[in-house]
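Peer 1: First, the structure itself, so that you have it in front of you.
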Amino acid sequence: FDTALHDDHDLIIEKVLDQYQIDQKWKTVTQNMIRNVVSADIPRLNLGEVKEDEQLREMEFHFKSQQPSLDNILKIIRSEGGEQHASNNDLQSFLTGFIDLIVRQNGKYFIVDYKSNYLGDTLEEYGQERLKEEIYNASYDLQYHLYTVALVKYLKSRIKEFSYETDFGGVAYLFVRGMRKGKENGVWFHKPDEVVMERLMNELE
């Protein structure tokens, strides 16, 4: 990431576009998007300063829990009483998978997930209220709470005296279409409360 703002990624981008049979006219757009994502305003995290040895990509996880209750999980993570859009299919699909990116910065670990959802043509449509609506509608809050459980379990197995409050930084869901240099548009950041995470872990055991 520390080279993304300055390096020329034309060759890599050309290969990726060719791999997915996307017209090469999108090369400049892709390069600009990379730079916007890296230089956007993300709370507590600077992607432009993340080094190669400070990141783990596509960490696989799988919960061995026995049919956890979706209703109970939603009551735990949606304490503010939001509408319960999630389905049992959502829950089952999120109990196994890969976390896009795990980053360690300033002694804290962060979960980073990239989203290409189209929310509109203006930056305003990637503001916090619209992102919150999308997070709930797509059950992304369910997804990232489960991701957090998976990462915390992983870190506890490897870090003696692991502390959630001290060692875990939070979750950044990046809606790349709406991100711009120095702006917080397109950035959904949340660090679940430790009590919430403890209740969720107990539910999943």
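Peer 1: List the strands (runs of 3 or more DSSP E) inside the stretch 34-129, counting only whole elements, that have at least 2 residues being over 17 Å from Tyr173 (Cα atoms). Even if it seems obvious, please write down each step before you answer.
Peer 2: Numbers: elements: 55-62, 96-105, 108-115.
By residue number, 55-62.
Peer 1: Hey, could you check the stretch 160-205 for residues that are free of Cβ contacts under 8 Å to residues at least 60 places away in the same chain, not hydrophobic (A, V, I, L, M, F, W, C) and not in a loop (DSSP other than H, G, I, E, B) and say which is farthest from Ser116 (Cα to Cα)?
Peer 2: Step one: filter the stretch 160-205 for residues free of Cβ contacts under 8 Å to residues at least 60 places away in the same chain, giving 160-166, 178, 190-191, 193-195, 197-198, 201-202.
Of the ones still in play, those that are also not hydrophobic (A, V, I, L, M, F, W, C) are 160-161, 163-166, 178, 190-191, 193-194, 198, 202.
Subsequent filtering for residues that are not in a loop (DSSP other than H, G, I, E, B) retains 164-166, 178, 190, 194, 198, 202.
Details: Tyr164: 29, Glu165: 30, Thr166: 31, Gly178: 9, His190: 19, Glu194: 29, Glu198: 31, Asn202: 33 Å.
Among them, the one singled out is Asn202.
Peer 1: Out of the stretch 68-125, which residues are more than 20 Å from Asn46 (Cβ to Cβ) and among the hydrophobic types (A, V, I, L, M, F, W, C)?
Peer 2: Leu70, Ile73, Leu74, Ile76, Ile77, Ala86, Leu91, Phe94, Leu95, Phe98, Leu119, Leu123 - these are the residues of the stretch 68-125 that are more than 20 Å from Asn46 (Cβ to Cβ) and among the hydrophobic types (A, V, I, L, M, F, W, C).
Peer 1: Separate question: Please work out which one of (1) closer than 25 Å to Arg57 by Cβ; (2) more than 16 Å from the chain's Cα centre (by Cα); (3) not aromatic (Phe, Trp, Tyr) is the condition Glu194 fails and give its number.
Peer 2: Among (1) closer than 25 Å to Arg57 by Cβ; (2) more than 16 Å from the chain's Cα centre (by Cα); (3) not aromatic (Phe, Trp, Tyr), Glu194 violates only (1).
Peer 1: Output the residues belonging to the stretch 108-159 that are open to solvent by 10 Å² or more (accessible area, probe 1.4 Å), in contact with an Asp or Glu (Cβ under 7 Å, 6 or more places away or on another chain), touching a residue at least 60 places away in the same chain (Cβ under 8 Å) and under 23 Å from Lys51 (Cβ atoms).
Peer 2: Lys108, Tyr109, Tyr114
The values are calculated or read from the model by the stated rules, or taken from the named source; none is laboratory data. Please read all numbers here as calculations on a predicted model, not as lab measurements. Neighbour counts are summed over all protein chains in view; Cβ atoms, including those assigned to glycine, are modelled from backbone coordinates with ideal geometry. Remember, those area values only see protein heavy atoms, side chains included, never the ligands or the DNA or RNA. Shrake-Rupley method; radii C 1.70, N 1.55, O 1.52, S 1.80 Å.
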